[in-house]
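Here the structure is laid out as C-alpha cells; the discussion comes afterwards.
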Amino acid sequence: MLPELGALYQEHAAAVWRYTRSRLPTDADAEDVTSDVFARAMRSTHTYDPAKGSPRAWLVGIARNAVGDWWRRRKPEDPHGDFPDAIASDDPLMESLRIEQIGEVRAVLAMLSEREREAIALRFGAELGSAEIGVHLGISPTAARMLVHRVVTKLRGVLTDG
Amino acid sequence: MVDEFDPDEVAQAERLDGDISRALTGAVGTDTALTWLVASVRTDPPAALATRITVEHERRERARWRPAQLVAGLFALNLLSHGLGNMFVGEWVSRGLGEHYSPHAVREGGFALIAAGLAVGAGALRRSWLPVSVGAGVPLGLALGIYGLPEIGKFGQGAALHITQGLLAIVLGLSWWRARRYGNRPHDEGGA
C-alpha cells in the first residue's frame, strides 16, 4: 500500500530530485521531470508491488522512464553534455565554491559513459542499494556494486590527475 | 547468471559500498573523491517544488472528474425539471398520455424526483460525492429510460425526456467509470 501524495513526496522527493538532477542538464529541467514523476506515480499507484521493491525503487523506476522520455524529446543533442547547475546560495563565498565545484563535476562526469553516470545517479542521487541498482540495470547486485566501485575508482583517478 | 570478478576487487567494492552508505548518512570520511561526489549530488529540492506538485496534482484530478461532474449536473437539472413538471403541469402530462390525472400521486412522484435530482446533483458540486450521484442516478435513469419507451409515438415530450434520462444515466456511469479507471490506468512506468 502506497502512502498519499504528501507523505510520498515528504519521504522520497529528495531522492527523486537528486536522481533527476544528476541526469539532466539544469535545475529547471530536473524540477519539470520531478513534478512529472510524481504526477505519473499518482496515476499509476496500482503498478506498485511491495514484493518487487521499496516505494523509492518504484519511484526511481518512474523517474528513469521520465528522464529517458526527456532525453528522447531533446535529441539529437548530446546526453553527456551538461551536468546540472547548482542551486544558488545566499552566501557569496558558498556560492562561488559551489559553482566551482559543480563546474568540476560537470567536467568529470562528462567523461563517464551513459551507464556509469546512471550508476552514479542511482547510488548517490537516489541512494539505492546494490540490489535495487541491479534490478534497474538488469545486472546482479555484485555486478552493480562492482560497477559503482569502478566508476568511483575512475573518478578518483580523474580527480587525482586534475 | 554467474558473475566472475576478482575476489579482491569484490571485497574492495563491498568496503566502498559501506563507505558510500555511511557518507550518505552524513558521516565524514577521509575519501576525498567520495566526499566530493556526495556533496555535489546531495542537494535538497527547491521548496517551491512541493507546491508545484500539489497544484499540478489537484489540477489533473479536477480535469479527470470534470466530465462526470458535468453530466451529473445536467442529469440533476433534468430530474429537477421533471419533478417540477409533475408538480405544476401534471394534468397536461396525464392528458398527453391519455391517462387519468391523479394529482396526489403525481405530486408525490414530483417530490421524489426533486429529491433524486438533488442527490444526483451532489456529485456535480463535490467530486467525492459522485458515488452518490452514480448510485442514485444510474439505476433511476435506466429505469426511467426503459419505462418511457412506450411513450414513443404517443407523447413526444415524455419520450424525449425519458430517452434523455436513460442516455444521461449511461453517460454518467461511463464517465465515472472512465475517471476511476484513468486514475488506475497502466502507464509507461517501469520500476521495481
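Quick look at the values:
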{"item": "Along each principal axis, Cα extent of the range B:46-127, largest first, Å", "result": "72, 18, 12"}
{"item": "Using alpha-carbon coordinates, inclination of helix B:32-41 to the longest axis of chain B, degrees", "result": "20"}
{"item": "Selection of GluC sites (Glu not before Pro), the range B:1-31, meeting DSSP coil and at most 10 other Cβ within 10 Å", "result": "B:4"}
{"item": "Ranked list, fewest to most other Cβ atoms within 10 Å of each Cβ, for B:146, A:139, B:170, A:62", "result": "B:146, B:170, A:139, A:62"}
{"item": "Kirkwood Rh in Å, taken over the range B:1-156 so that all alpha-carbon pairs contribute", "result": "21.9"}
{"item": "Pair residue B:149, residue B:91: separation of 7 Å Cα→Cβ label points (nm)", "result": "3.4"}
{"item": "Taking the C-alpha atoms of the range B:66-192, convex hull volume expressed per residue in Å³", "result": "103"}
{"item": "Stokes-Einstein D in µm²/s, Kirkwood radius over Cα pairs - the protein assembly as shown at 25 °C with 0.890 mPa s viscosity", "result": "100"}
{"item": "Total charge dipole magnitude, the protein assembly as shown, about the Cα centre, Cβ charges on Lys, Arg, Asp, Glu only, Debye to nearest 20", "result": "1740"}
{"item": "Unit charges at the beta carbon, dipole of the range A:1-63: most positive-side option, A:20, A:55, A:8", "result": "A:55"}
{"item": "Gap separating the Cα centres of the range A:1-38 and the range B:25-58, nearest whole Å", "result": "10"}
{"item": "Dipole moment magnitude, nearest 20 debye, chain B about Cα centre, only Lys, Arg, Asp, Glu C-beta charged", "result": "1700"}
{"item": "Cα-based helix-to-principal-axis angle, B:103-125 vs chain B, degrees rounded to 10", "result": "20"}
{"item": "Relative counts (whole %) of C-alpha pair distances in the range B:1-58, using bins that are 10 Å wide", "result": "19, 29, 23, 19, 11, 1"}
{"item": "Total formal charge among the other residues, if their Cβ is under 12 angstrom from that of residue A:113, Lys/Arg +1 and Asp/Glu -1", "result": "+1"}
{"item": "Rule-of-thumb Rg ratio for the range A:2-67 [Cα; 2.2 N^0.38 Å; N residues]", "result": "1.03"}
{"item": "C-alpha long axis of helix B:130-147 to longest principal axis of chain B, angle in °", "result": "40"}
{"item": "Packing-based exposure ordering (other Cβ within 10 Å, fewest first) of B:147, A:9", "result": "B:147, A:9"}
{"item": "Selection from A:67, B:70, A:33 lying farthest towards where the dipole of the protein assembly as shown points positive, charges on Cβ", "result": "B:70"}
{"item": "Sorted by Cβ neighbour density within 10 Å, fewest at the top, the residues A:52, A:154", "result": "A:52, A:154"}
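Since every read-out is calculated from the coordinates, none of them should be taken as a lab result. These figures come from a predicted structure and were not determined experimentally. With ideal geometry, Cβ positions are generated from the backbone for all residues, glycine too; neighbour counts draw on all protein chains shown.
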